[in-house]
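Student: Pasting a structure here, questions to come.
Since every read-out is calculated from the coordinates, none of them should be taken as a lab result. Keep in mind the model is a prediction, meaning the values are calculated, not measured. Cβ placement follows ideal geometry from the backbone for every residue including glycine, while neighbour counts extend to all protein chains displayed.
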Amino acid sequence: MSVLGFPVVDSDGHVEEFGADWAKLERKWGDWAPRYISDGSFDAGQPRFVIEGKVFPRWEDKWGKASRPIKVHKAERYWTGRPGMTDPKARLADMDLEGIDVAVLFGGMLCASAIGIVENPELALDACRAYNDWLGEYCSAAPDRLKGIAAVPFQDPPAAAAELRRAVRDFGLRGLRVPTWPQGANPGDRRFDSLYAEAEALGVPACLHLHSARTVGADRFDGFFLKHVFYSADIFMAFAGMLAGGVLDRFPGLRIGVFESGCSWIPYLMDRLHEHWEMFPDQLPEVRRDLAEYMASERCFYSFEPEERMVPVVVGMIGADRLMYASDYAHLDCICPESVKAVADRDDLGPETKRKVLGANAARLFNLSI
């Protein structure tokens, strides 16, 4: 247990799937198989991911013609790109240094940019299976502390449901990663119902997480700064699509987690949805209650950034039982190894609120025994 006297759960940390068995896929798929390359441009030679002959992140999604070389101006003591993203033993050491008891793990380039827009369903399935195999092995180093989130091919919902079942039952993965724009569709579309039904039956949440390909800002802006600023808009738009699409009405046992977008947008979206529900409820014939009420219910959970100023305001609107600490380990904008401390030292949150947001709420969403 952490030095705070209660368990700390990181609701959104990251891995990078360099170690997945992509060679096995190469034998079947040839040039379409997943692999990593480095073009040496902008992100100091950041590796990029290739699948189906497409390169991710796409230039237009992340950089654009107006970008300058990306230099992150943050204190040198803060981490970026740690060995623990691929090595579980190094990850556990970093967790101990940070004061994290349990980490929930979301994947890297396959999950964050590529998998939502791969066109071949069979290739998407094979890539997800290879990723989940690797993630299961990674988590097996400390299954009580490392909890992975499954990637599945939304291109083929029945196959995705079967893969989710395998990932949860065989490897103990704790949730379903939902792309924000799967195959150019609203994730609340009925075509994905078999997948949400499986998540409900397995008792795992649907986890909306940043999908950095074809985001809402990709075409509008031509530089990294604003593209990055508006990544979160893609997430809360997808979340609204799930609510308005009736997902929570059709699957009363399903819960949704919303990640990598902060929490400051929650009051805005609640007010907009409530206003529109009052004026136009007949536009959503499958929805049975005000969407703002759903947002504040036990069905929906949200990660926040450790230094986000709106956290007390959001707690005042939806209560302290819905927000979850997230480290964002070890992305360029994280403040590890001081992210837990940043929350614990806040003077605008009470002791009981800190206990909930630093661990208890995430444990409830992911059904963790801590």
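Student: Take the alpha-carbon centre of segment 96-168, take the same for segment 1-28, and report the distance between them in whole Å.
Tutor: Taking the Cα centre of segment 1-28 as reference, the centre of segment 96-168 is 9 Å away.
Student: Pop the C-beta distance of V72 and D282 into the FRET formula with R0 = 56 Å and round what comes out to the nearest 0.05.
Tutor: Calculated value: 0.70.
Student: Set the Förster distance to 41 Å, then compute FRET efficiency between S140 and H274 from the Cβ-Cβ distance, nearest 0.05.
Tutor: Rounded to the nearest 0.05, the efficiency is 0.35.
Student: Give me the extension gain from E119 to D347: residue separation times 0.36 nm, minus the current Cα-Cα distance, reported in nm with one decimal. Present the calculation step by step, with values, prior to reporting the outcome.
Tutor: Details: separation 228, 0.36 × 228 = 82.08 nm, distance 4.88 nm.
Fully extending the segment from E119 to D347 adds 77.2 nm.
Student: Just grab the label-to-label distance for D31 and A185, each label 7 Å out from Cα along the Cβ direction, in nm (one decimal).
Tutor: Each label point is offset 7 Å from its Cα along the Cβ direction, giving 3.0 nm.
Student: Taking 0.36 nm per residue of separation and subtracting the Cα-Cα distance, what length does fully extending D219 through D321 add?
Tutor: Result: 33.1 nm gained on full extension.
Student: Oh, and also: Of the DSSP beta bridges with both residues in the chain, give the percent that are antiparallel, rounding to the nearest 5.
Tutor: Working: 7 of 27 bridges.
The antiparallel fraction comes to roughly 25 percent.
Student: Given springs between every Cα pair under 10 Å in a Gaussian network model of the chain, which of A160, A206, A66 has the largest fluctuation?
Tutor: In the Gaussian network model the winner is A66.
Student: Relative contact order for segment 163-306: what is it in percent, counting Cα pairs under 8 Å that are at least 6 residues apart?
Tutor: Here the relative contact order equals 25 percent.
Student: Can I ask one more? Note the full-extension length gain between L332 and D96 as 0.36 nm times their separation in residues minus their Cα-Cα distance, in nm to one decimal. Walk me through the intermediate numbers first.
Tutor: Details: separation 236, 0.36 × 236 = 84.96 nm, distance 2.05 nm.
So the extension gain works out to 82.9 nm.
Student: Name the trypsin sites (Lys or Arg not before Pro) in segment 1-110 that are in a loop by DSSP and that have at most 16 other C-beta atoms within 10 Å, would you?
Tutor: On the way: sites: K24, R27, K28, R35, R48, K54, R58, K62, K65, K71, K74, R77, K89, R91; in loops: R58, K65, K71, K74, R77.
Filter output for segment 1-110: K65, K71, K74, R77.
Student: Further question: Rank E260, E308, E338 by mean-square fluctuation in a GNM of the chain with C-alpha springs under 10 angstrom and give only the top-ranked residue.
Tutor: Result: E308 has the largest fluctuation of those listed.
Student: Whole-Hz Karplus ³J(HN,Hα) for segment 327-338, in order, using 6.51 cos²θ - 1.76 cosθ + 1.60 and θ = phi - 60°, x for Gly and Pro?
Tutor: 7, 6, 3, 10, 6, 4, 9, 7, 10, 5, x, 10
Student: A further question follows. If a helix is a whole DSSP H run, which ones in the chain reach 18 Å or further along their own axis (Cα) and hold a mean Kyte-Doolittle hydropathy of at least 0.5?
Tutor: 231-244
Student: Under a 10 Å cutoff between Cα atoms, tell me which one of V152, V229, V104 has the largest fluctuation in the Gaussian network model of the chain.
Tutor: Between V152, V229, V104, it is V229 that shows the largest mean-square fluctuation.
Student: In addition: Loop-only check: which trypsin sites (Lys or Arg not before Pro) in segment 179-246 are DSSP coil with at most 10 other Cβ within 10 angstrom?
Tutor: Passing both the DSSP loop test and the Cβ count: R220.
Student: Same structure again: How large is the helix-only mean residue ellipticity at 222 nm for the chain, computed as the sum of -39500 (n - 2.57) over DSSP H runs with n ≥ 4, divided by its residue count, in deg cm²/dmol to the nearest 500?
Tutor: -10000 deg cm²/dmol
Student: Sticking with this structure for a sec: May I ask you to sort T215, T353 by Cβ crowding, counting other Cβ atoms within 10 Å and putting the fewest first?
Tutor: Arranged by neighbour count, lowest to highest, T215, T353 become T353, T215.
Student: Given contacts defined as C-alpha pairs under 8 Å and at least six residues apart, what's the relative contact order of segment 9-365, whole-number percent?
Tutor: Computed over segment 9-365, the figure is 20 percent.
Student: Of K28/K54; K62/K147; K74/K356; K89/K147; K74/K341, which pairs sit farther than 19 Å apart, going by alpha carbon to alpha carbon?
Tutor: K62/K147; K74/K356
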